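Chemist: Provided herewith is a single structure, encoded as structure tokens, for subsequent inquiry.
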Amino acid sequence: MRAISEVCDCKEKYMELLLLGDEQEEMIYKYLERGRLFVVKDDGYACAVFVITDEGDFVLELKNIAVSEQYQRKGIGQAIIAYIENKFSGAFKKITVGTGDSPLTVPFYESCGFKSCGVIKNFFIDNYDHPIIEAGVQFCDMICFEKELSVNYGTDR
């Protein structure tokens with residue numbers, strides 16, 4: 001049985017999983033301390049993590065979402081997005097996320113109802129100390145997405 005819970009202490013314990021969603025520890029540490037880390041456990045095994053931050057103006061940003069390889073393509077990522085929507089709608093107006101121009105991640109966010117809202121040129125070139133490559137594509141620009149949240153669900157801040 002899968003359960004999602006917030007991690008308040010010893011967040012570094014989940015670094016191996018976090019690195020699946022963001023390859024550079026230095027970047028993770030920039031948002032991990034101020035962010036809220038959640039872990040998805042399947043029968044006690046940590047199979048996925050995600051980090052969200054309050055960006056002000058009722059905007060929630062998904063900074064990292066990572067699912068261990070053996071659990072990928074089983075609906076966990078979509079379940080995480082649904083969890084965020086249900087828990088934080090009402091307290092936040094929208095959720096944003098930035099990703100590389102990957103044939104894996106862009107369709108995922110689009111399938112979850114996110115809409116493209118901009119591009120940050122050369123983000124991965126300027127902010128990472130090594131090339132970020134996914135599905136044979138080297139990331140250069142960050143593609144930004146957003147999704148409006150309903151006012152009728154949770155009110156967690």
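Chemist: Select, from S102, S68, the only residue that is among the small types (G, A, S), surrounded by 17 or more Cβ atoms within 10 Å (Cβ to Cβ), in contact with a strand residue (DSSP E or B) (Cβ under 9 Å, 6 or more places away or on another chain) and over 22 Å from C8 (Cβ atoms).
Modeler: Among S102, S68, only S102 is among the small types (G, A, S), surrounded by 17 or more Cβ atoms within 10 Å (Cβ to Cβ), in contact with a strand residue (DSSP E or B) (Cβ under 9 Å, 6 or more places away or on another chain) and over 22 Å from C8 (Cβ atoms).
Chemist: Name the single residue, out of those in region 107-139 being in a loop (DSSP other than H, G, I, E, B) and in contact (Cβ under 8 Å) with a residue 40 or more places away in the chain, that is nearest to E55 (Cα to Cα).
Modeler: The qualifying residue nearest to E55 (Cα to Cα) is Y128.
Chemist: While we're here: I need the full set of residues from region 38-54 which are among the aliphatic types (A, V, I, L, M) and surrounded by fewer than 20 Cβ atoms within 10 Å (Cβ to Cβ), in order please. Even if it seems obvious, please write down each step before you answer.
Modeler: Of region 38-54, the ones among the aliphatic types (A, V, I, L, M) are 39-40, 46, 48-49, 51-52.
Across region 38-54, the qualifying residues are V39, A46.
Chemist: Another question, if that's okay. Among the candidates E55, E33, E23, which residue alone is among the acidic types (D, E) and modelled with pLDDT of 95 or more?
Modeler: E55
Chemist: In region 88-99, which residues are buried (at least 20 other Cβ atoms within 10 Å of the Cβ) and farther than 27 Å from I133 by Cα?
Modeler: Of everything in region 88-99, those that are buried (at least 20 other Cβ atoms within 10 Å of the Cβ) and farther than 27 Å from I133 by Cα turn out to be F88, S89, F92.
Chemist: In addition: Test E23 against the stated conditions and say whether it is closer than 25 Å to F139 by Cβ and not aliphatic (A, V, I, L, M).
Modeler: Answer is yes for this residue.
Chemist: Additional query: Considering region 24-36 alone, what residues qualify as being more than 20 Å from I76 (Cα to Cα), of a type outside the set (S, T, Y) and surrounded by 13 or more Cβ atoms within 10 Å (Cβ to Cβ)?
Modeler: Step one: of region 24-36, the residues more than 20 Å from I76 (Cα to Cα) are 24-35.
Retained after the next criterion (residues that are of a type outside the set (S, T, Y)): 24-28, 30, 32-35.
Selection gives Q24, E25, M27, I28, K30, L32, G35.
Chemist: While we're on this one: Against the definition (assigned to a helix (DSSP H, G or I), among the aliphatic types (A, V, I, L, M), in contact with a strand residue (DSSP E or B) (Cβ under 7 Å, 6 or more places away or on another chain) and free of Cβ contacts under 8 Å to residues at least 40 places away in the same chain), how does I84 come out, yes or no?
Modeler: yes
Chemist: Starting from residues that are part of a strand (DSSP E or B) and out of contact with any strand residue (DSSP E or B) (no Cβ under 6 Å at 6 or more places or on another chain), keep the ones in region 14-57 and report whichever is farthest from I132 (Cα to Cα).
Modeler: Ranking the candidates gives Y45 first.
Chemist: If we scan region 58-73, do we find a residue that is more than 14 Å from the chain's Cα centre (by Cα), touching a residue at least 24 places away in the same chain (Cβ under 8 Å) and in a loop (DSSP other than H, G, I, E, B)?
Modeler: Yes: one or more hits.
The values are calculated or read from the model by the stated rules, or taken from the named source; none is laboratory data. Values in this document were obtained by computation on a predicted structure and should not be read as measured data. Heads up, the Cβs are rebuilt from the backbone with ideal geometry, glycines too, and the neighbour counts pull from every protein chain shown.
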